[in-house]
Amino acid sequence: MIMDFQVVVLAGGVSKKLLPLVSKEIPNALLPVANRPVISYVLELLELSNLKDLIVVVEGEDAALNVGGWISAAYADRLHVEVAAVPEDVGTAGAIRAIAHHLTAKDILVVSGDLVSDVPLGAVAATHRRHDAVVTAMLCSAPVSGPSESGSSGGKDKTKKPGRYNLIGLDPTQQFLLHIATGAEVEKDLRVQKSILRAAGEIEIRADLMDAHLYAFKRSILQEVLDQKGTFHSLKHDVLPYLVRSQLKSEALLNGVAQVEENGTEKIIAQSNQQMLSQILANASERTFHQRYALSPNGTSFRKTHKCCVYIAGSNRYCARLNSIQAYSDINRDVIGEANHLSGYSFSAQNNIIHPSAELGAKTTVGPHCMLGEGSQMGDKCSVKRSVIGRHCRIGANVKVVNSIVMNHVTIGDGCSIQGSVICSNVQLQERAVLKDCQVGAGFVVAAGSECKGEVLAKK
């Protein structure tokens, strides 16, 4: 069943929120998580679900070339991927608009290229089909962000707390989405439409769930909304809330003709839909509030509604989005730590991964939850704890790396100390440099003896 969904992966471009880690050469999708591009996690999840025909949408021509080149080399015989470049900053809704002519299937699965998760996509697709929904959103537990108990992880905030991502209103059966507030809306007063509240009877408001930016859409309705609402920029902030707000109105298409409410009173749609109604009611062992509402008070005619559904991932599942520098540190820590089943590597008895070609000097220790990439060399008396070190790095003697991510081809001089930091590729740290909670952009040279705390170091 899932195979007839068309899949769109929204891979973004070069996000300002991720500077200086990203660039045209290393756009968002190619940022390494445990030494492999973040988009590989979504591609493998799709492949596991037998979804092998994909459109990957990338913002910006240069970024698209780099992402397309990497995908075709890595997945040549495994996936059929079409990479589409769209203008920068078109937003997620704009990205779908730009490729709308490629979309032909009845249902579309839209997934963010920065999602790292093990939630089975087939379950989301099945929920969508079971309810004949116009949209089904995957919700997961809001991640706990911030430092690990044993030290910093690159963020200023020293307490571990769940972020407030969304306020989500669900019906009593927890199958239908009645309200969603995201971003700045979360801080405002909560307003739920009377008609939705009246129809559902009650609403459960949850602040512990996150919209994972993985949606199944009915294509005809999605395209209709994007065509009619030219100012909609974001699927999450514009399209989804609009569909949720209008689910009991008759604004969505019915048999190709838009039925618009007049003066806030619902238009009753004529007998031709009696057949559709009896079919819906026959399929349902227990009526949903949509079906109860759809029947007019005298039970003879039919008001058009559409369903906005949710699939809530089990709390034992991993689900996070790489959409900030803090998230980048957190996800790397998780994928080499408690969620290491996602990494695709087998960890040693010491609970770490040291590539067979890596070289360690005398009295150098690499602790658990660490990764040392291919061809990297470390001098004597070094210590690595809870960190990822990329490929072909040259690390001198007496170097300490804690809670950090070091990308590829980095040179680190003797006596350096790196804590809670992210070091991009081709960086050079001269001897005795000390970094705490810093991000160092690609190719930067940190002078000998420098001491930096909480700084962003990047080429001008």
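Pairs exceeding 30 Å between alpha-carbon atoms, taken from Lys16/Lys106; Lys236/Lys460; Lys24/Lys52; Lys236/Lys385: Lys16/Lys106; Lys236/Lys460; Lys236/Lys385. At 1.4 Å probe size, with the rest of the protein present, what percent of the exposed accessible area of the range 349-455 is carbon and sulfur atoms? Roughly 47 percent of what the probe reaches on the range 349-455 is carbon or sulfur.
Solvent-accessible surface of the range 349-455, averaged per residue with a 1.4 angstrom probe and all protein chains in place: 41 square angstrom. Using the Cβ of Asp62 as centre and a radius below 15 Å, the other residues enclosed give a net charge of -4, where K and R count +1 and D and E count -1. Spin-label model, Gln228 to Ser450: label points 7 Å out along the Cα-to-beta-carbon direction sit 5.5 nm apart.
Note on Ser195 and Glu374: the model spin-label points, each 7 Å out from Cα along the C-beta direction, lie 5.8 nm apart. Quick one: net charge of Val86's neighbours, Cβ under 12 Å, K/R +1, D/E -1? Cβ neighbours under 12 Å give a net charge of -3.
Remark: the Ser220-Lys52 segment gains 58.2 nm on full extension, using 0.36 nm per residue and subtracting the alpha carbon distance. Taking the centroid of alpha carbons for each part, the range 71-115 and the range 409-437 are 36 Å apart. Estimated at 0.36 nm per residue, the fully extended path between Glu88 and Leu19 surpasses their Cα-Cα distance by 23.3 nm.
Sorting the segments 78-86, 116-124, 405-413 by their residues' average number of neighbouring beta-carbon atoms within 10 angstrom, most packed first, yields 405-413, 116-124, 78-86. Computed extension length for His102-His341: 82.6 nm, one decimal, from 0.36 nm per residue of separation with the Cα-Cα distance subtracted. Please give the net charge around Gly375, taking every other residue with its beta carbon less than 10 angstrom from that of Gly375, where Lys and Arg add +1 and Asp and Glu add -1. Once positives and negatives cancel, what remains is 0.
The values are calculated or read from the model by the stated rules, or taken from the named source; none is laboratory data. Since this is a predicted model, take the numbers as computed values, not measurements. Positions of Cβ are backbone-derived with ideal geometry, glycine not excepted, and every protein chain shown enters the neighbour counts. Areas reflect the complete protein model, heavy atoms only, side chains present, ligands, DNA and RNA absent. Shrake-Rupley method; radii C 1.70, N 1.55, O 1.52, S 1.80 Å.
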